[in-house]
1. Would you mind stating whether Arg83 is out of contact with any Cys (no Cβ under 6 Å at 6 or more places or on another chain), closer than 24 Å to Val8 by Cα and in a loop (DSSP other than H, G, I, E, B)?
2. What is the number of the single condition among (1) within 17 Å of Val22 (Cα to Cα); (2) crowded, with 21+ Cβ neighbours inside 10 Å; (3) in contact (Cβ under 8 Å) with a residue 24 or more places away in the chain that Phe120 does not meet?
3. Among (1) of a type in the set (A, V, I, L, M, F, W, C); (2) touching a Lys or Arg at 6+ places or on another chain (Cβ under 8 Å); (3) over 18 Å from Tyr126 (Cα atoms), which single condition is Val87 missing?
4. If you take the residues in the range 94-117 that are surrounded by fewer than 16 Cβ atoms within 10 Å (Cβ to Cβ) and closer than 13 Å to Val66 by Cα, which one is modelled with the highest pLDDT?
5. Exactly one condition in (1) open to solvent by 40 Å² or more (accessible area, probe 1.4 Å); (2) closer than 24 Å to Val110 by Cα; (3) over 13 Å from the mean Cα position of the chain (by Cα) is not met by Ile72; state its number.
6. Just to be sure before I move on: is Ile91 open to solvent by 70 Å² or more (accessible area, probe 1.4 Å), touching a helix residue (DSSP H, G or I) at 6+ places or on another chain (Cβ under 7 Å) and at pLDDT below 95 in the structure I sent?
Amino acid sequence: MEENLDGVAPCSSLAVEAIIRVGAAGAIWGLCSGPYDARQQGLTGIAKASYVANSVRSFGIRCGVVAGVFSITRCGVQKYRGRNDWVNGLIGGAVAGAAAAAGTRNWTQVIGMAGLVSVFCAAADYSRTS
């Protein structure tokens, strides 16, 4: 049912689709983990509901942004290079990982996260394209 839209759809459309899909998954993750974390902190009532809502918002936005950055970078690199291989995922993963860790303002964490995410994305792209 799902087809490969890499060469057909514009990069912006692919990025919006990734933001919506992964952002929704992040929001669901926040909805599942928020009540547990709120209970661990001893929150009840309105404070717990507010904590869960913030958790849903935070996870949804973070996951959506990382997915969007990865998707737009991978697609842009693919169009620039004219090839559909694992290198596109490697570069996209590095940029997305750096974007995810940029809030820490710690270069060691930014470089580590960029390396980790790029390896996983390159492996996924390699297995998909080989």
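1. For Arg83, the condition - out of contact with any Cys (no Cβ under 6 Å at 6 or more places or on another chain), closer than 24 Å to Val8 by Cα and in a loop (DSSP other than H, G, I, E, B) - is met.
2. Of (1) within 17 Å of Val22 (Cα to Cα); (2) crowded, with 21+ Cβ neighbours inside 10 Å; (3) in contact (Cβ under 8 Å) with a residue 24 or more places away in the chain, only one is false for Phe120: (2).
3. It is condition (3) that Val87 fails.
4. Ala102
5. (3)
6. For Ile91, the condition - open to solvent by 70 Å² or more (accessible area, probe 1.4 Å), touching a helix residue (DSSP H, G or I) at 6+ places or on another chain (Cβ under 7 Å) and at pLDDT below 95 - is not met.
This table checks each residue for (1) polar (S, T, N, Q); (2) surrounded by 14 or more Cβ atoms within 10 Å (Cβ to Cβ); (3) at pLDDT 95 or above; (4) touching a His at 6+ places or on another chain (Cβ under 6 Å).
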site: Cys11; (1), (2), (3), (4): no, yes, no, no
site: Ala15; (1), (2), (3), (4): no, yes, no, no
site: Ile20; (1), (2), (3), (4): no, no, yes, no
site: Ala24; (1), (2), (3), (4): no, no, yes, no
site: Asp37; (1), (2), (3), (4): no, yes, no, no
site: Gln41; (1), (2), (3), (4): yes, no, no, no
site: Thr44; (1), (2), (3), (4): yes, no, no, no
site: Ala47; (1), (2), (3), (4): no, no, no, no
site: Arg62; (1), (2), (3), (4): no, yes, no, no
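The values are calculated or read from the model by the stated rules, or taken from the named source; none is laboratory data. Keep in mind that what you see is a predicted model, and the values were worked out from it rather than measured. Heads up, the Cβs are rebuilt from the backbone with ideal geometry, glycines too, and the neighbour counts pull from every protein chain shown. Each accessible area value is taken on the protein alone, full model and side chains, heavy atoms only, with ligands, DNA and RNA left out. Shrake-Rupley method; radii C 1.70, N 1.55, O 1.52, S 1.80 Å.
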